[in-house]
Amino acid sequence: MAFNTNRINGYLRSIGFQVLGFSEELLKSTTSLLDELRSSNPEWLETILRFIYNSGGFLGVV
């Protein structure tokens, strides 16, 4: 699970920087974007999957 958590956080940081235009601070942040979305959005899973797949990424079975 830790592998996928790190991978998802990496995807979210990359998408935030490359697609949404956030600063490099986002890339260097130690805050878990996955945990932030989980705690603030009841539809967090759909949101994360939409971000990842719409940006051309994918999550494989580990």
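The values are calculated or read from the model by the stated rules, or taken from the named source; none is laboratory data. Not measured: the values here are computed from a predicted model. Neighbour counts are summed over all protein chains in view; Cβ atoms, including those assigned to glycine, are modelled from backbone coordinates with ideal geometry.
Residues that are touching a Gly at 6+ places or on another chain (Cβ under 9 Å) and either β-branched (Val, Ile, Thr) or surrounded by 14 or more Cβ atoms within 10 Å (Cβ to Cβ) (or both): does the stretch 50-57 have at least one? Yes, the stretch 50-57 has at least one match.
Applying the criterion of being exposed (fewer than 12 other Cβ atoms within 10 Å of the Cβ) and closer than 17 Å to GLY60 by Cβ to the residues of the stretch 1-28, the residue that is modelled with the highest pLDDT is PHE3.
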